[in-house]
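The values are calculated or read from the model by the stated rules, or taken from the named source; none is laboratory data. Since the structure is predicted, the reported quantities are computational estimates derived from the model, not experimental observations. Here the Cβ positions follow ideal geometry from the backbone for every residue, glycine too, while neighbour counts run over all protein chains shown. Surface accessibility is based on the protein's heavy atoms, side chains included, excluding ligands, DNA and RNA. Shrake-Rupley method; radii C 1.70, N 1.55, O 1.52, S 1.80 Å.
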Amino acid sequence: MRRCTEMTDDLVSIVEVGPRDGLQNEKRLISTEDKVKLIEMLSDAGFKRIEATAFVSPKWVPQMADHEAVMATVKQKPGTAYSVLVPNAKGANAAIEHGADEIALFSSASETFSRKNTNCSIAEGFARFEEILALARDHDVPVRGYISCAVNCPYEGHIDPNNVAHIARKLFAMGCHEIAVADTIGTASPGDVDTMLGTLLEELPSGVIACHFHDTYGKALDNVDVGLRRGIRVFDSAAGGLGGCPYAPGAAGNLASGVLVRHLKARGFSVDVDVDRVALAEDFAMKLTA
Ligand code: HMG
Ligand code: MG
């Protein structure tokens, strides 16, 4: 399957998940116009991969109910990939029809979280992924696979890294071009992240792994450093550090994009975004949710 990120040693790629992960948990309904404006500000800032929305059930996540309108309205910038989160074939079909450049499916290393978030077991989720991947293959759309609760789960506590490695290997073998391991509730310590990545990297090369850190206890940047030392070069972040998951109690914001960009640049990595424009997008994102 096609890849979305070119890899070199000092180039770090950011997946901007603010319009989806940042906004999905907001109680006040944000207008489609404002969501589209945020996406366009992020593409103007230079982000080349933006998770624009989620084609999930509007009953489960009302904030993402305008997914079709968002995709139909956003002015797509050439060279930017607009990705869409989907839980099943229904979502994948509609996302492809509405011009998604990439699809993101989501599994979990915690059985309880899988049921709370998608109303099915991890194994049942894999049957859905087969369908999603078949559709994506037919349309030549690359697929990212998330693994939630890759370190800790709000229901089950600490997660065995071998579970994460097992699911990652399966997702990759099925055709996901990239596996994003997520600290869903932002409680992972750098030591735990290092252990998890160490186990994972026995199964898969660092070039196919991305890290998705929430920042509940201010450890996300330390965890990014662990990822960098392990050779990971793709990280997720959200404008203004917005975020949370409606089915993960305690999940606070994602790592903020501006914080991540400044951190990476200070460490000598090349990140192809304009920091001033990132700041403008972050101001706008924070006003939307104030
Ligand atoms: P269910 O209720 O078991 O499914 O939900 P169902 O098949 O019985 O369908 C229920 C209704 O939803 C039906 O409508 C379907 O048509 C509709 P009705 O007949 O009642 O009017 N439906 C859909 N509508 C739009 N798009 C779809 C879709 N599928 C069904 N794709 C389901 C199962 C998976 C659909 C539901 O549980 C769901 O949508 N879950 C999504 C939850 C979610 O989005 N969570 C947040 C994102 S994951 C996350 O934040 C973690 C991440 O950031 C990484 C990390 O930090 O860990 C990625
Ligand atoms: Mg998340």
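Summary of computed values
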quantity: Scope region 99-121; condition in a helix (DSSP H, G or I) and more than 13 Å from ligand 1 (Cβ to nearest atom); matching residues; calculated: E111, T112
quantity: Among the candidates K77, K90, residue that is among the charged types (D, E, K, R), within 11 Å of ligand 1 (Cβ to nearest atom) and within 26 Å of I30 (Cβ to Cβ); calculated: K90
quantity: Those residues of region 113-140 which are polar (S, T, N, Q) and either at positive phi or within 20 Å of the chain's Cα centre (by Cα) (or both), in sequence order; calculated: S114, N117, T118, N119
quantity: Condition check for G99: away from ligand 2 (no atom under 16 Å from the Cβ) and either small (G, A, S) or in contact with a strand residue (DSSP E or B) (Cβ under 8 Å, 6 or more places away or on another chain) (or both); calculated: yes
quantity: Any hit, region 49-59, residues being open to solvent by 10 Å² or more (accessible area, probe 1.4 Å) and aliphatic (A, V, I, L, M); calculated: yes
quantity: Whichever residue in region 198-252 is aromatic (F, W, Y) and crowded, with 17+ Cβ neighbours inside 10 Å and, among such residues, is farthest from V275 (Cα to Cα); calculated: Y247
quantity: Filtered residue count, region 15-35, keeping only those that are over 17 Å from A252 (Cα atoms), open to solvent by 20 Å² or more (accessible area, probe 1.4 Å) and either in a helix (DSSP H, G or I) or among the acidic types (D, E) (or both); calculated: 3
quantity: Residue in region 257-268 that is within 14 Å of the chain's Cα centre (by Cα), open to solvent by less than 20 Å² (accessible area, probe 1.4 Å) and not acidic (D, E) present; calculated: yes
quantity: Residue that is nearest to I132 (Cα to Cα), among those in region 155-175 that are open to solvent by less than 40 Å² (accessible area, probe 1.4 Å) and part of a loop (DSSP other than H, G, I, E, B); calculated: G175
quantity: Condition check for P87: at pLDDT 95 or above, touching a helix residue (DSSP H, G or I) at 6+ places or on another chain (Cβ under 6 Å) and under 24 Å from Y247 (Cβ atoms); calculated: yes
quantity: Enumeration of residues in region 60-74 that are open to solvent by 40 Å² or more (accessible area, probe 1.4 Å), outside any helix (DSSP H, G or I) and touching a residue at least 12 places away in the same chain (Cβ under 8 Å); calculated: W60
quantity: Unique match (being part of a helix (DSSP H, G or I), out of contact with any strand residue (DSSP E or B) (no Cβ under 6 Å at 6 or more places or on another chain), surrounded by 19 or more Cβ atoms within 10 Å (Cβ to Cβ) and among the small types (G, A, S)) among G91, G125; calculated: G91
quantity: Lone qualifier among L42, L85, L38 - being within 13 Å of ligand 1 (Cβ to nearest atom), closer than 23 Å to A252 by Cβ and surrounded by 24 or more Cβ atoms within 10 Å (Cβ to Cβ); calculated: L85
quantity: Failed item in (1) in contact (Cβ under 8 Å) with a residue 40 or more places away in the chain; (2) part of a helix (DSSP H, G or I), with V273 passing the rest; calculated: (2)
quantity: From G227, G253, residue being among the small types (G, A, S), touching a strand residue (DSSP E or B) at 6+ places or on another chain (Cβ under 7 Å) and within 15 Å of ligand 2 (Cβ to nearest atom); calculated: G253
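A quick yes/no check of all residues on (1) within 16 Å of ligand 1 (Cβ to nearest atom); (2) closer than 23 Å to M64 by Cα:
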site	(1), (2)
T199	no, no
D225	no, no
V234	yes, no
G244	yes, yes
A248	yes, yes
G253	yes, yes
V259	no, no
A266	no, no
